[in-house]
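Accompanying notes for the structure given below.
The values are calculated or read from the model by the stated rules, or taken from the named source; none is laboratory data. The model shown is predicted, which means the values in this text are computed figures rather than measured ones. Neighbour counts run over all protein chains shown; Cβ positions are idealised from the backbone, glycine included.
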Amino acid sequence: MMKIFPKFLLNAALFTCFGYFISSFGATQMSSKHAFKIKEPLLIEGEQQKNYSILPIGSVMYLDKSWPEGHETFHVYFHFKGDLASTPVDPNVISPAWLRTVDRDELPNLLNEYPLSTEELIAILKSRKISKAELVQILRDWPEDSMPQYLAD
């Protein structure tokens, strides 16, 4: 028993030094994540949704892969509370949702359907470079009876 213990300690010390050497000198990179904090809300398109959901300003997206077709795959992490209404699926099948910026021409519909915060609205307007004159025109073209209460006040 006493002969086994020193061998165990020697092996543990060697493996520890080897692991330190590999990670310290870049022989293997433990993490190569590229993270991005978004500056404007992004639309989340569900496969069977008629409406959009919004990924809020300040969300962090982690780049997973860039595709030759011109799009990228990101991971976003969420904390969840409550009862998750779901069904099990095959973990090897990926079914991504599409994420994109808000187009200029869909801004009136988005304002009608989704209660944006002032900060989110300003970020969208700035990122799409919508002028004050264009914004005034959007508001003029808006039917009075469909204007959201938070914009009418």
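Going residue by residue through region 143-152, is there one that turns out to be closer than 13 Å to Glu40 by Cβ and either modelled with pLDDT under 75 or surrounded by 13 or more Cβ atoms within 10 Å (Cβ to Cβ) (or both)? Scanning region 143-152, I find no residue that is closer than 13 Å to Glu40 by Cβ and either modelled with pLDDT under 75 or surrounded by 13 or more Cβ atoms within 10 Å (Cβ to Cβ) (or both), so the answer is no. Report, by residue number, each residue of region 63-83 that is exposed (fewer than 10 other Cβ atoms within 10 Å of the Cβ) and within 12 Å of the chain's Cα centre (by Cα). The answer is Tyr77, Phe78.
Yes or no, residue by residue, for (1) aliphatic (A, V, I, L, M); (2) at pLDDT 90 or above; (3) on the phi > 0 side of the Ramachandran plot:
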| residue | (1), (2), (3) |
| --- | --- |
| Thr73 | no, yes, no |
| Phe80 | no, yes, no |
| Asp90 | no, yes, no |
| Leu110 | yes, no, no |
| Tyr114 | no, no, no |
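Inspection of region 82-104 finds a residue satisfying the criterion of being out of contact with any Ser or Thr (no Cβ under 7 Å at 6 or more places or on another chain) and in a helix (DSSP H, G or I).
Suppose we filter region 131-142 for residues that are in a loop (DSSP other than H, G, I, E, B) and modelled with pLDDT of 80 or more; how many remain? Count: 1. Contact map, region 82-104: first residue of a type in the set (Asp, Glu), second residue in a loop (DSSP other than H, G, I, E, B), Cβ cut-off under 9 Å, separation 6 or more or different chains; pairs are Asp103/Arg128.
Select from region 84-99 the residues that are within 18 Å of the chain's Cα centre (by Cα) and not hydroxyl-bearing (Ser, Thr, Tyr) and list them in ascending order. The answer is Ile94, Pro96, Ala97, Trp98, Leu99.
Residues in region 19-59 that are surrounded by fewer than 13 Cβ atoms within 10 Å (Cβ to Cβ) and at pLDDT 90 or above: His34, Ala35, Phe36, Lys37, Lys39, Gly58.
Determine whether region 106-116 contains at least one residue that is farther than 22 Å from Ile138 by Cβ and out of contact with any His (no Cβ under 6 Å at 6 or more places or on another chain). No, region 106-116 contains no residue that is farther than 22 Å from Ile138 by Cβ and out of contact with any His (no Cβ under 6 Å at 6 or more places or on another chain). Scanning region 100-120 finds one or more residues that are under 21 Å from the mean Cα position of the chain (by Cα), buried (at least 16 other Cβ atoms within 10 Å of the Cβ) and charged (D, E, K, R).
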